[in-house]
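The structure appears below as structure tokens.
A short reminder: the numbers here are calculations on the coordinates, not readings from a lab. All values reported here derive from a predicted model rather than from experimental measurement. All Cβ positions, even for glycine, are placed from backbone atoms using ideal geometry, and neighbour counts span all protein chains on display.
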């Protein structure tokens, strides 16, 4: 699989900046700044793709208001949603991930 290194990602009516960082591994997003940082240091396409999927699914969860902060653990989340929401989330995820696929 080839990953397209896009600079902008469209999710619903929002545009996120996509930053490719060769100095780090993993990925993260900042919803307030509409920014996604994708680490490419290890350069394994399957790992990079998995990290992108993780962050996109989490953004979709934020968009659907199903990512909740855990009261017992700062900086950790719990996800709660039903099957109808899962269907909507899967459609949103598919739309967003397709922007990365060549």
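Here are some notes:
- For the chain, modelled as a GNM whose springs connect Cα atoms under 10 angstrom apart, the maximal fluctuation among 55, 23, 63 occurs at 23.
- With Cα atoms, 0 to 90° folded angle of helix 83-97 axis to the chain main axis: 20 degrees
- Relative exposure of 89, 1, judged by other C-beta atoms within 10 Å (fewest first): 1, 89
- Based on DSSP H segments of at least four residues, each scored -39500 (n - 2.57), the chain has a per-residue ellipticity at 222 nm of -11000 deg cm²/dmol.
- Gaussian network model of the chain, Cα within-10 Å springs - most flexible of 79, 49, 29: 79
- For Rg and Dmax of the Cα atoms in Å, computed directly from the structure shown, the correct entry in (1) 13.8, 41; (2) 24.8, 83; (3) 16.7, 51 is (1).
- Summary value for the chain: 28 percent relative contact order, contacts being C-alpha pairs under 8 angstrom separated by 6+ residues.
- Within a Gaussian network of the chain (alpha carbon springs, distance under 10 Å), most fluctuating of 32, 47, 15: 32
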